[in-house]
Amino acid sequence: LDSGGKLDDKQRAAAALGALDEARAKLSELATLQIRNAAFVASVDGFGAYEPSKSKAFQPGQKVTLYAEVENFRSNPAEDGYHTSLATSYQVLDSTGRRVDGKQFPDVADRCRNRRRDFHMQYELPLPTRIYPGEYVLELTITDHNSGKIGQTTLPFEIAGDR
């Protein structure tokens, strides 16, 4: 990074960060697609800025909001910057693993002047109206169209009985 010894500590640190960013981008290409911090949320203000739902017990037909951060996706370089293309789907599974609901969301096509370092998704979805009280799991799947990678995570929740 400074074989001639002409850089001060701050300049060496900046050069090291540049090399680290490049290494991270290359490692990200090799790594599996990761879904982090998936949660049912009350509100979202941006990446990492969300308020988790106070409860994981919901009513049939209730609208819930999902938040998830995506790591190790590919942003393809283009003349106007970088392009990211992600698909998201979910399914609701009962305690026996039987699918009781599910949906494919519209694809997310993102264009950015710089390579993205973070990415978050948020979706509002209605829970099924015809669903029995009990324990369930929402299985969230994100597919990176640019790399072919697929990431998956699960969110346990409960359908409460009549109030």
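The values are calculated or read from the model by the stated rules, or taken from the named source; none is laboratory data. Remember, it's a predicted structure, so these values are computed and weren't measured experimentally. For neighbour counting, all protein chains shown are included, and Cβ atoms are generated from backbone atoms with ideal geometry for every residue, glycine included.
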Quiz item: In this structure, is R99 in contact with a His (Cβ under 6 Å, 6 or more places away or on another chain) and among the charged types (D, E, K, R)?
Solution: no
Quiz item: Could you list, in sequence order, the residues of the range 109-153 that are free of Cβ contacts under 8 Å to residues at least 40 places away in the same chain and closer than 23 Å to V92 by Cβ?
Solution: Y132, P133
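Could you grab me the full set of residues in the range 89-115 that are of a type outside the set (D, E), in a strand (DSSP E or B) and more than 20 Å from F58 (Cβ to Cβ)? Lay out the reasoning, then the answer.
So in the range 89-115, the residues of a type outside the set (D, E) come out as 89-93, 95-100, 102-106, 108-109, 111-115.
Next, from what is left, pick out any that are in a strand (DSSP E or B): 89-93, 99-100, 102-104, 108-109, 111-112.
Once the filter is applied, which keeps residues that are of a type outside the set (D, E), in a strand (DSSP E or B) and more than 20 Å from F58 (Cβ to Cβ), the range 89-115 yields Q104, V108, A109, R111, C112.
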Exercise. Could you grab the pairs with beta carbons closer than 9 Å, sequence gap of 6+ or different chains, first residue in the range 1-27 and assigned by TED's automatic domain parsing to the domain that holds R117 and in a helix (DSSP H, G or I), second one surrounded by 12 or more Cβ atoms within 10 Å (Cβ to Cβ) and modelled with pLDDT under 85?
Key: none
Quiz prompt | strands (runs of 3 or more DSSP E) wholly inside the range 116-163 that include at least 1 residues being in the same structural domain as L66 (by TED's automatic domain parsing) and on the phi > 0 side of the Ramachandran plot | solution = 134-144
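Quick grid of which residues meet (1) among the basic types (K, R); (2) touching a strand residue (DSSP E or B) at 6+ places or on another chain (Cβ under 8 Å); (3) surrounded by 13 or more Cβ atoms within 10 Å (Cβ to Cβ):
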site: V70; (1), (2), (3): no, yes, yes
site: G81; (1), (2), (3): no, yes, yes
site: L93; (1), (2), (3): no, yes, yes
site: G97; (1), (2), (3): no, no, no
site: G102; (1), (2), (3): no, yes, yes
site: D110; (1), (2), (3): no, yes, yes
site: F119; (1), (2), (3): no, yes, yes
site: I131; (1), (2), (3): no, yes, yes
site: S147; (1), (2), (3): no, no, yes
